[in-house]
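The values are calculated or read from the model by the stated rules, or taken from the named source; none is laboratory data. The structure presented is a predicted model; accordingly, all values stated were derived computationally and were not measured. Glycine gets a Cβ as well: all are built from the backbone with ideal geometry, and neighbour counts include every protein chain shown. Remember, those area values only see protein heavy atoms, side chains included, never the ligands or the DNA or RNA. Shrake-Rupley method; radii C 1.70, N 1.55, O 1.52, S 1.80 Å.
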Amino acid sequence: MTPSVPARPAPPAPPQGRRSAVTAADTEGTSEGVPLRPRTPPLAEPSAWHTLRLTVNGEPVTAQVESRLLLSDFLRDRLRLTGTHVGCEHGVCGACTVLLDGEPVRTCLTLAVQCEGADVRTVESLAPGDGPLTTVQRAFHECHGMQCGFCTPGFVMTATALTERPERPDEPQVADALSGHLCRCTGYRNIRRAVCQALDERFGK
Ligand code: FES
Ligand code: FES
């Protein structure tokens, strides 16, 4: 279930030193007041803010967002949907992949404002709560298609899009889709097996 969207961050206070932009939320979960990651202060210009309306995991979401806000940061920091992982942050690893109107996209290369009116699905949409695993998730589990799991949400969302095509993708199309994802652990063989198993189950052998 998509959590409620935190209100628009307050405009920045006048600079009072190097740490003035660090808010309580930034240091949450730390013991020494050290931010988990560096944050830039919110933009003060009203024209930099937009009202974004979209659907995330089947639920309508309305939020005030800066024009520069990445979809990955919107999902993870504003909606707390941290199943979308961020690795390279420049479109290479595929870990941040979600489905935008049914198509895999890299959220580290997508601005939140580009998703106005769109339907976004993250890995959290697949097996909510204690519900049964989807065909793709079960195939990854049964084929041991993961080790550390960092890359897995991206692979699973791309594989989900493959199973939702009207016709079974051929081998080159599967290879092309998976080539946009990097995994440092598995050697890819079991990931390929998992995707093939899911496609067999969806379309028949
Ligand atoms: S974090 Fe987006 S492609 Fe690597
Ligand atoms: S399972 Fe570790 S990076 Fe893929």
Candidate set from the stretch 183-205 (those that are more than 25 Å from Glu167 (Cβ to Cβ) and open to solvent by 80 Å² or more (accessible area, probe 1.4 Å)); member that is nearest to ligand 2 (Cβ to nearest atom): Arg184
Test result for Ala161, assigned to a helix (DSSP H, G or I), in contact with a Pro (Cβ under 9 Å, 6 or more places away or on another chain) and under 19 Å from His181 (Cβ atoms): yes
Long-range neighbours under 7 Å by Cβ, at least six apart or interchain, first residue open to solvent by less than 70 Å² (accessible area, probe 1.4 Å) and among the hydrophobic types (A, V, I, L, M, F, W, C) within the stretch 37-54, second at pLDDT 85 or above and part of a loop (DSSP other than H, G, I, E, B): Ala48/Ser67; Leu52/Glu116; Leu54/Glu116; Leu54/Gly117; Leu54/Ala118
Which numbered condition Thr84 misses (of (1) within 16 Å of ligand 2 (Cβ to nearest atom); (2) open to solvent by 20 Å² or more (accessible area, probe 1.4 Å); (3) assigned to a loop (DSSP other than H, G, I, E, B)): (2)
Options Gly145, Gly131: the member that is surrounded by fewer than 21 Cβ atoms within 10 Å (Cβ to Cβ), in a loop (DSSP other than H, G, I, E, B) and out of contact with any His (no Cβ under 6 Å at 6 or more places or on another chain): Gly131
